[in-house]
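One structure is given below, encoded as structure tokens.
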Amino acid sequence: MIFWDAIVDGALDTVKLVPFLFITYLLMEYIEHRTSDRTRAIIRRADKMGPLFGGALGAFPQCGFSAAAASLYAGRVITVGTLIAVFLSTSDEMLPIFLSNRVDVRLIGKILLIKACYGVIAGFVVDFLFRWLNLRKIGMNIHGLCEAEHCECEQSIFRSSVKHTLHITLFIFLISVVLALVLEGIGTENLQSLVFNQPVIGELLAGLIGLIPNCAASVALTTMYLDGAMSAGAMMSGLMVGAGVGILILFRTNRKKKETLQIIAILYCAGVIGGILTGLLKLV
């Protein structure tokens, strides 16, 4: 029964991402193969404001934007700062749980605003540091992903977009089922036995839970906060780090695994710092 529930939940979570993934790959293929060099140059110049738009889009309660951002970064359409902004502001399952528990709408709005604003600020800081250290990768390039998956995108951008989407969808589904079984085995009760109300320690632990690329992580974090087993700072830390399946897709699509690990480390540190600041300043 538990195995069947994991399959059903994994399928439902994955199906919701398909439209986002397909549109994202279709856009990437079109930009790569159908636009002029001048148009690409305009897009590259516009990416300086990427974190602002990334933070705003990520605030919507849908992890599809983090999935799309991961793919766009792998194709070098957006900067690492924009990716971080989307990841930090993504809310995933927090909103429906708050609403079902009749949490004050003003509190919900404040949390979403804090996550979005912090994501924007962190995104700009990351982009500035990457430019300063000459680490920023410029230039759109989906050829690496195409070569790895043999999608034959020169023949049809529609067909190659479908192929990319199917490959990523299958990968997400399999990992989601495995994660659901693991989390079911651990149980929320065991997670609550950890120390989440202690300053700094709570934020560090919650950030680790947030790294789990499954909506069950945000469910656990939000539920523990509502039950009084977690401080507001720890909850914010976990929710900021939690980027849903965006982390999975980044691992799957970005060929530079060391770079992916660095991005996840940046995300974790930024999320924990954000949670600590939330607790110290009593923003929530």
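The values are calculated or read from the model by the stated rules, or taken from the named source; none is laboratory data. In this text, all values refer to a predicted model and were calculated from it rather than measured experimentally. Virtual Cβ from ideal backbone geometry, glycine too; neighbours counted across all protein chains shown.
Determine whether Ala59 is under 15 Å from Leu239 (Cα atoms), modelled with pLDDT under 90 and either under 18 Å from the mean Cα position of the chain (by Cα) or aromatic (Phe, Trp, Tyr) (or both). When the stated conditions are applied, Ala59 passes them.
For (1) in a helix (DSSP H, G or I); (2) among the aromatic types (Phe, Trp, Tyr), each residue gets a yes or a no:
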| residue | (1), (2) |
| --- | --- |
| Met235 | yes, no |
| Gly238 | yes, no |
| Ala243 | no, no |
| Ile247 | yes, no |
| Phe251 | yes, yes |
| Arg255 | no, no |
| Gln262 | yes, no |
| Tyr268 | yes, yes |
| Gly271 | yes, no |
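For the range 77-97, the count of residues that are under 14 Å from Ala56 (Cβ atoms) and in contact with a Cys (Cβ under 7 Å, 6 or more places away or on another chain) is at least one. The condition of being more than 14 Å from the chain's Cα centre (by Cα), in a helix (DSSP H, G or I) and of a type in the set (S, T, N, Q) holds for Thr223.
Does Ile138 satisfy the criteria of being modelled with pLDDT under 55 and either surrounded by fewer than 21 Cβ atoms within 10 Å (Cβ to Cβ) or assigned to a helix (DSSP H, G or I) (or both)? Even if it seems obvious, please write down each step before you answer.
On the way: modelled with pLDDT under 55: yes; either surrounded by fewer than 21 Cβ atoms within 10 Å (Cβ to Cβ) or assigned to a helix (DSSP H, G or I) (or both): yes.
Taking the combined requirement at face value, the residue satisfies it.
Just the residues that are within 13 Å of Ile84 (Cα to Cα), surrounded by fewer than 24 Cβ atoms within 10 Å (Cβ to Cβ) and touching a residue at least 24 places away in the same chain (Cβ under 8 Å), please, taken from the range 248-284. Of everything in the range 248-284, those that are within 13 Å of Ile84 (Cα to Cα), surrounded by fewer than 24 Cβ atoms within 10 Å (Cβ to Cβ) and touching a residue at least 24 places away in the same chain (Cβ under 8 Å) turn out to be Ile263, Ile264, Ile266, Tyr268. The C-beta contact set for the range 159-174 (first residue closer than 12 Å to Leu17 by Cα, second residue not small (Gly, Ala, Ser) and not in a helix (DSSP H, G or I), distance under 6 angstrom, 6+ apart or interchain) comprises Ile172/Val245. Selection within the range 67-120: residues that are of a type in the set (Ser, Thr, Tyr), in a helix (DSSP H, G or I) and touching a residue at least 24 places away in the same chain (Cβ under 8 Å). The member of this set that is surrounded by the fewest Cβ atoms within 10 Å (Cβ to Cβ) is Tyr118.
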